[in-house]
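**Student:** Please find one structure pasted underneath; my questions will follow.
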Amino acid sequence: MKNDELFAKLTETIQEKKETADGLAEYFGLKPSEGMKTIKDFLSSGLITDEQKLLLSDLAEHKRILPKKEEQETSGKVFVSMCMNKKKYDFIEDVRYGLKKGIEDSGNTPYFIDKDVYNDNMIVHLFQQIEQCKFMVADFTTQNTGVYYEAGYASALGKTTIFTCRADDFENVHFDIQQIHFIIWKDPEDLAKRLTDYIVRFGLDEKE
């Protein structure tokens with residue numbers, strides 16, 4: 001389905017209800033203030049994924065309803081998926097610094113699950129935080145299988161997911177996802193700047 005046709009069907013489906021359009025924008029991590037214009041711009045952007053287009057198509061054809069977003073402490077935060085094995089890799093805190101700074105400089109709040117305290121099952125908690133996050137940033141440096149798993153789950157939900165990887169490790173990224181746009185970075189400061197610029201460019205920032 002072409003973008004113009006999909007947009008027309010979406011507009012008809014939600015009957016120009018701004019609160020529904022805003023809810024849809026929020027689900028993708030976008031600024032909801034411009035209603036359907038936000039969705040139209042998103043459709044023509046380079047950020048939208050095949051999974052997100054499928055979600056929009058299903059919504060337009062009444063095959064799915066938008067998942068209800070329940071408010072919890074981490075709602076609206078950016079879920080950060082990355083390797084956290086400091087014993088095996090001595091640069092993990094550099095990666096964390098670059099991701100944290102890049103997200104915060106865009107006006108967003110990062111969420112690192114290893115810094116959280118919770119009592120429920122770890123996998124259940126992980127899924128909940130991904131489901132409730134504003135969007136995800138997944139760094140594939142070290143080719144951690146957990147990152148592949150978490151990014152795959154977020155993508156399947158239709159969540160906006162930003163992929164990053166250190167330049168000297170990008171050749172090791174699995175060929176199935178190498179065609180996806182990656183932010184390729186050289187050092188933590190480079191990562192932070194590129195990430196902030198990308199978030200702002202696609203309207204995922206919280207700057208006024």
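**Student:** Counting only helical runs of four or more DSSP H residues, what would the 222 nm mean residue ellipticity of the chain come to if each run contributes -39,500 (n - 2.57) and the total is spread over all its residues?
**Tutor:** -13500 deg cm²/dmol, from helical runs alone.
**Student:** Let me ask something else about it. For the pair Asp169/Lys31, report the inter-label distance in nm, with labels modelled 7 Å from Cα in the Cβ direction.
**Tutor:** Each label point is offset 7 Å from its Cα along the Cβ direction, giving 3.3 nm.
**Student:** Right, next: Which order do Tyr148, Tyr118 fall in if you start with the one that has the fewest other Cβ atoms within 10 Å?
**Tutor:** So the ranking, lowest neighbour count to highest, is Tyr118, Tyr148.
**Student:** So between Asp94 and Ala8, what do we pick up on full extension, going 0.36 nm a residue minus the alpha carbon distance?
**Tutor:** 26.4 nm
**Student:** Would you mind telling me which residue in Gly146, Gly46, Gly23 has the biggest mean-square fluctuation in a Gaussian network model of the chain, where springs connect alpha carbons within a distance under 10 angstrom?
**Tutor:** Of Gly146, Gly46, Gly23, the most mobile in the Gaussian network model is Gly46.
**Student:** Using a Gaussian network for the chain with springs between C-alpha atoms less than 10 Å apart, which of these wobbles most: Thr109, Thr20, Thr196?
**Tutor:** Its mean-square fluctuation being the largest, the pick is Thr20.
**Student:** What aspartates and glutamates could a cross-link reach from Lys88, if we take a straight Cα to Cα line under 17 Å and drop same-chain neighbours fewer than 8 places away?
**Tutor:** Answer for Lys88, where 17 Å is the Cα cut-off: Asp114, Asp139, Asp169, listed by chain and number.
**Student:** Still on this structure, I have one more. Please label the shape of region 78-201 as rounded, prolate or oblate, based on the square roots a ≥ b ≥ c of the eigenvalues of the alpha-carbon gyration tensor (a/c under 1.5 means rounded; beyond that, a/b larger than b/c means prolate, else oblate).
**Tutor:** Because its axes are fairly even, with a/c under 1.5, region 78-201 counts as rounded.
**Student:** Separate question: So which of Lys63/Lys159; Lys40/Lys134; Lys2/Lys186; Lys63/Lys115; Lys86/Lys134 end up more than 29 Å apart by C-alpha?
**Tutor:** From Lys63/Lys159; Lys40/Lys134; Lys2/Lys186; Lys63/Lys115; Lys86/Lys134, over 29 Å: Lys2/Lys186; Lys63/Lys115.
**Student:** Tell me whether the chain comes out rounded, prolate or oblate; compute the Cα gyration tensor, take square roots of the eigenvalues as a ≥ b ≥ c, and use a/c under 1.5 as the rounded threshold.
**Tutor:** Taking the square roots of the gyration eigenvalues as a ≥ b ≥ c, the chain is prolate.
**Student:** Can you pull the one-decimal nm distance between simple spin-label points at His62 and Thr49, each 7 Å off the Cα toward Cβ?
**Tutor:** It works out to 2.9 nm between the two label points.
**Student:** Right, here's the next one. Quote to one decimal, in nm, the extra length available between Asp116 and His181 on full extension: 0.36 nm per residue of separation minus the C-alpha distance between them.
**Tutor:** My answer for the length gained is 20.5 nm.
**Student:** Find, among the chymotrypsin sites (Phe, Trp or Tyr not before Pro) in region 153-208, those assigned to loop by DSSP (not H, G, I, E, B) with at most 13 other beta-carbon atoms within 10 angstrom.
**Tutor:** Answer by residue number: Phe175.
Values quoted throughout were computed directly from the atomic coordinates according to the rules given, and no laboratory measurement underlies them. Small disclaimer: the values here were computed from a predicted structure and weren't measured. Here Cβ is always computed from backbone atoms with ideal geometry, including for glycine, and neighbour counts include all displayed protein chains.
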